[in-house]
Amino acid sequence: MQEEAIRRFWGMPDHIVAGMDFVDETWRTTEDDAAVCRVVLDVQRVSGPYRCACGRTFRHYHDYQERLIRDLPWGPWKQVWLLVPRYRVDCPDCGVRTEPLEWIVPHCTYTRRLAEAVAFACREVRSVRAIAEAFDLSWHTVKNIDKAALAAALNPPDVSQVRHLALDEFAIKRRHTYGTIFLDVEHGHVVWVCATREQEAVSRVFRAVFGPTACARIEAVSMDMWQAYENAVRECLPNAQIVWDQFHIVKKYNQEVIDRVRLDEARRCQTEAERKALKGTKFLLLKNPKNLRDEEPARLEELLRANRRLFIVHLLGEGLKHLWDYSYAGCAERWFDGWHRRAMHSRVEPLKRFARMLKQRLPGILAHCRHPISTGVLEGVNNTVKVIKRVAYGFRDLDYFFLKIRGHFGSVTAH
């Protein structure tokens, strides 16, 4: 009964533990508990024919050599090593080859169960260094285990169910390098991550990763008004309708209209009192009226009452957000025609330019009535990407960084 329990606890087929040694830092056996830093288990083979990697079995082996294999921590000991005899067979087809053992990672010096435990720990938003210290492993070993596990679980990506896609950029190196995230909106999975936001790179992802069948299945793509994304979608997704994202349109309005008019008005100021009234009003004008606090509502009302041009762009900016309240394209288009007419009669040139631009892109704006999707989920993804990058103090291996992003927002996410 006891031997059966030990065999089940050990869990390595055709092998048993024949002995156990407690060793110190110099790998010498010691009986001093305070000096013990690792445990070495003497493992012996007990049964079964010898196998070649090609599948052929043999009754006799060619030779063997004992190897130290790292295993899971046991109790208080982080370092547990297995002294395992690695047999070689003389295969007529393959030559002399080392027998593969299913519980040892090929070409590595650690067991599969250790690799699985490390990979599972890496699913949490923790640094590789912290996990390496927890398992008493090297940084490179943990990183290689995690990268291999993510690649095996995520590649190739499953794109068979993708119908609605969202594209957005994220900063790899702020103000220097930007990548692109491809998000399956319906399932919330990051399908792929691209190292740039250029048209050719995005088109290459559609051709090589998604393929023609998946590209033809995609019905809608939500994105900002970056020209490279638009060109790539029109080139590679024949049946997809572009849905311009509300958040990015409102953000563009704030930057190109409200902020532009505010700066123009500041330059027109003739007196110190006028300049003081406009000073520090940038975020007051851009802030959602529902989020105004304390004296801010009164200050905003006073500012808009004193400046006609700011009143017009602020009023039309707040009204523009209602365009996304409609679920019927005909009603939304009639509402936009009224908004566009008021904008063109405003005699505010930045507002007129923006209204003309929206008129040209109206089909993509009205597409939200049929496909109510947005890149809002991606904004949350981008925040988590920043956390992943900050915890790791940056990534030198971009492939590993992209796998970490996909792993956190995919099927291998930790619970």
Being modelled with pLDDT under 90, surrounded by fewer than 17 Cβ atoms within 10 Å (Cβ to Cβ) and part of a loop (DSSP other than H, G, I, E, B) narrows it down to one residue among GLU4, GLU31; which is it?
GLU31
Taking the criterion of being of a type in the set (Asp, Glu), more than 44 Å from the chain's Cα centre (by Cα) and in a strand (DSSP E or B), would at least one residue in the range 71-80 satisfy it?
no
Taking only the range 182-215 into account, find how many residues are β-branched (Val, Ile, Thr), in contact (Cβ under 8 Å) with a residue 40 or more places away in the chain and touching a helix residue (DSSP H, G or I) at 6+ places or on another chain (Cβ under 6 Å).
2
Residues that are without any contact (Cβ under 8 Å) to a residue 24 or more places away in the chain and of a type in the set (Phe, Trp, Tyr): which helices (runs of 4 or more DSSP H) entirely in the range 249-351 hold 2 or more of them?
329-344
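Quick grid of which residues meet (1) over 16 Å from VAL96 (Cβ atoms); (2) among the aromatic types (Phe, Trp, Tyr); (3) in contact with a Lys or Arg (Cβ under 8 Å, 6 or more places away or on another chain):
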residue: THR26; (1), (2), (3): yes, no, no
residue: ASP33; (1), (2), (3): yes, no, no
residue: VAL36; (1), (2), (3): yes, no, no
residue: PRO49; (1), (2), (3): yes, no, yes
residue: ALA53; (1), (2), (3): no, no, yes
residue: ARG56; (1), (2), (3): no, no, no
residue: HIS60; (1), (2), (3): no, no, no
residue: ILE69; (1), (2), (3): yes, no, no
Which members of the range 55-78 meet the condition of being out of contact with any Phe, Trp or Tyr (no Cβ under 9 Å at 6 or more places or on another chain) and within 23 Å of GLY19 (Cα to Cα)?
GLU66, ARG67, TRP74, GLY75, PRO76
Filter pass, ARG305 being of a type in the set (D, E, K, R), buried (at least 16 other Cβ atoms within 10 Å of the Cβ), at pLDDT below 95 and not assigned by TED's automatic domain parsing to the domain that holds ASP168:
no
Note on the range 226-242: residues within 22 Å of the chain's Cα centre (by Cα) and not in a helix (DSSP H, G or I) are TRP226
I'm told VAL313 meets every condition in (1) over 21 Å from GLU256 (Cα atoms); (2) buried (at least 17 other Cβ atoms within 10 Å of the Cβ) except one. Can you identify the failing condition by its number?
(1)
With the first residue restricted to the range 25-50 and required to be at positive phi, and the second required to be loosely packed, with under 15 Cβ neighbours inside 10 Å, Cβ contacts under 9 Å at 6 or more apart or on different chains are GLY48/PRO13; GLY48/ASP14; GLY48/THR57
Being closer than 30 Å to LYS386 by Cβ and at pLDDT 90 or above narrows it down to one of VAL128, VAL39, VAL105, so name that one.
VAL128
Can you name every residue in the range 133-145 that is part of a helix (DSSP H, G or I) and over 20 Å from ASP399 (Cα atoms)?
GLU133, ALA134, PHE135
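The values are calculated or read from the model by the stated rules, or taken from the named source; none is laboratory data. For clarity, every value in this text was computed on a predicted model and none was experimentally measured. Positions of Cβ are backbone-derived with ideal geometry, glycine not excepted, and every protein chain shown enters the neighbour counts.
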